[in-house]
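Encoded as structure tokens, the structure appears first; notes follow it.
The values are calculated or read from the model by the stated rules, or taken from the named source; none is laboratory data. What you see is a predicted model; the values in this text were computed from it and never measured. FYI the Cβ positions are ideal-geometry reconstructions off the backbone, even for glycines, and counts take in every protein chain you see. Calculation scope for accessible area: heavy atoms of the full protein, side chains included, ligands and nucleic acids excluded. Shrake-Rupley method; radii C 1.70, N 1.55, O 1.52, S 1.80 Å.
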Amino acid sequence: MKFAVLVFPGSNCDIDCYKAVEETTGEPVDYVWHTATDLSEYDCILVPGGFSYGDYLRCGAIARFAPVMAEVAKAAEQGKYVLGICNGFQILTEAGLLPGALRRNTSMKFICQDSKLQVVNHTTPFTSEYAAGEEITIPIAHGEGNYYCDEATLERLKANNQIVFRYSHNPNGSTDDIAGICNERGNVVGMMPHPERAVSSILGSEDGKRMFTSILTAWRDQYGAATVG
Amino acid sequence: MIKATVYVTIKQSVLDPQGVAVRGALHSMEFTEVEGVRIGKYMELTLNTNDRNEAAERVTEMCEKLLANTVVEDYRFELEG
């Protein structure tokens, strides 16, 4: 299985994502610059956190038009796994690959702390190794993570089981305590918390590890590849 | 040349945390008559065209595609020249 970590000018969690994939899955991973026009060799695309294009205008508004994003849409359409973390989540909503938008935190503060999440949907390719309703600890670090969608969209998210994570204690004013969602098909996930920062006990939590190993398991199940080791 | 002035504001139905914070600050300064504050963006675009209809059409497209996120924001614009 091959992973891509996209890099935009202003991405700053790309190295963490790369290392997390490398250490948790042992699978090959490449940095892919935002000007790339071919992602066909990759099975999973990670859109990392940071401040792409300085977050000018709105978070993710400009990154969403980077050449590589047309390829991300194509990969999503093909059913490949796409995971947007923090700024990556903002980019995926701007791109229309996920519904809703991220507003300024109600506290108006940048919040950088551990957060307790409830795994609401453990049947996505990204969360299959968690138990239903399991509480996990994953850090957040954002000023604009206050998820918004209108009521009709929220009803749809609930009906289709698209809410993947909820905050146990809502830190930012998010609608329905939403921390992460997926598309209808379940192959595109966006979340504000940073699983790549929670892959080693030395970092305070290992709870993010299983997101990466879940993706690998899902890919192996899909393609019937032999388990290594 | 046509000058387009674009205003982007948070939708009335969507909480504007910046507006709420500024209203709180105004209240603490005893401007208690302030009922509500909405913070938005103001943009000036200089367009290399003299065709107002075309300009209106193009600026609408710019707003829809990039300048506003219509999930949470409204926009309006004025054309001059």
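Some observations on this one:
- Annotation: A:F165 fulfils all but one of (1) in a loop (DSSP other than H, G, I, E, B); (2) surrounded by 24 or more Cβ atoms within 10 Å (Cβ to Cβ); (3) not β-branched (V, I, T); the unmet one is (1).
- The C-beta contact set for the range A:1-28 (first residue open to solvent by 60 Å² or more (accessible area, probe 1.4 Å), second residue aromatic (F, W, Y) and part of a loop (DSSP other than H, G, I, E, B), distance under 8 angstrom, 6+ apart or interchain) comprises A:N12/A:F51.
- Note on the range B:29-48: residues that are surrounded by 12 or more Cβ atoms within 10 Å (Cβ to Cβ) and either more than 11 Å from the chain's Cα centre (by Cα) or not in a strand (DSSP E or B) (or both) amount to 6.
- Flag for A:Y167 being in contact with a helix residue (DSSP H, G or I) (Cβ under 7 Å, 6 or more places away or on another chain) and within 12 Å of another protein chain (Cβ to nearest Cβ): no
- Any hit, the range B:8-28, residues being in contact with a Cys (Cβ under 9 Å, 6 or more places away or on another chain) and either small (G, A, S) or within 30 Å of A:L154 (Cα to Cα) (or both): yes
- Residues (crowded, with 16+ Cβ neighbours inside 10 Å, within 14 Å of chain A (Cβ to nearest Cβ) and either touching a residue at least 60 places away in the same chain (Cβ under 8 Å) or over 9 Å from B:V8 (Cα atoms) (or both)) located in the range B:51-68: B:M62, B:L67, B:A68
- Set side by side, the residues A:Y130, A:Y147 differ, and just one is open to solvent by less than 10 Å² (accessible area, probe 1.4 Å), within 27 Å of A:A4 (Cα to Cα) and within 13 Å of chain B (Cβ to nearest Cβ), which is A:Y147.
- Test result for A:K116, surrounded by fewer than 23 Cβ atoms within 10 Å (Cβ to Cβ), outside any loop (DSSP other than H, G, I, E, B) and without any contact (Cβ under 8 Å) to a residue 24 or more places away in the chain: no
- Residue count for the range B:1-50 satisfying the condition of being out of contact with any Ser or Thr (no Cβ under 9 Å at 6 or more places or on another chain), of a type in the set (F, W, Y) and touching a residue at least 12 places away in the same chain (Cβ under 8 Å): 1.
- Boolean, B:M29 is within 14 Å of chain A (Cβ to nearest Cβ) and modelled with pLDDT of 95 or more: no
- Taking first residues from the range A:82-105 that are at positive phi and at the interface with chain B (Cβ under 8 Å from one of its Cβ atoms) and partners that are buried (at least 24 other Cβ atoms within 10 Å of the Cβ) and of a type in the set (V, I, T), the Cβ contacts under 7 Å between residues at least 6 apart in sequence or on separate chains come to A:G100/A:T93.
- The condition of being out of contact with any Gly (no Cβ under 8 Å at 6 or more places or on another chain) and closer than 23 Å to A:L46 by Cα holds for only one of A:R185, A:R156, A:R166, that being A:R166.
- Search result, residues across the range B:6-23 that are open to solvent by less than 40 Å² (accessible area, probe 1.4 Å) and over 19 Å from B:Y75 (Cβ atoms): B:P17
- Checking the range A:190-207 against the condition returns a match, with at least one residue being within 14 Å of chain B (Cβ to nearest Cβ), at negative phi and modelled with pLDDT of 95 or more.
- Any hit, the range A:91-98, residues being β-branched (V, I, T) and farther than 19 Å from A:V5 by Cβ: yes
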